[in-house]
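In what follows, a single structure is set out as structure tokens and then discussed.
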Amino acid sequence: MRDEEPSEPMLPRGPTRDEQVSRDRAEAIARRLAAQEAEHAPEAASIPYPPPAAPADGVPSRGAPPAVPPS
């Protein structure tokens, strides 16, 4: 029975351990990621952000303790 073909097709095997940890594979992954980041870098840099608003007198910014009145 073990010599027969399995009823369901087997999934393709991935790279071997040696292939997974090879320097060539690491360099190829690094090049691919650098290219992907370069594609998205101009988009991220072009988003205009307004400058942070200055707090009004006596109005604490978020998370700050309440203002103490002058004595």
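Bear in mind that the values in this text are calculations on the coordinates, not laboratory data. On a predicted model such as this, the values are computed, not experimentally measured, just so you know. Ideal geometry is used to build each Cβ from the backbone, glycine not excepted, and the neighbour counts take in all protein chains shown.
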Handout entry: Ordering of 31-37, 10-16 by packing [mean C-beta count within 10 Å, highest first]
Key = 31-37, 10-16
Practice task
Apply 1/(1 + (r/R0)^6) to the Cβ-Cβ distance of Gln20 and Tyr49, taking R0 = 25 Å, and write down the FRET efficiency to the nearest 0.05.
Solution key: 0.05
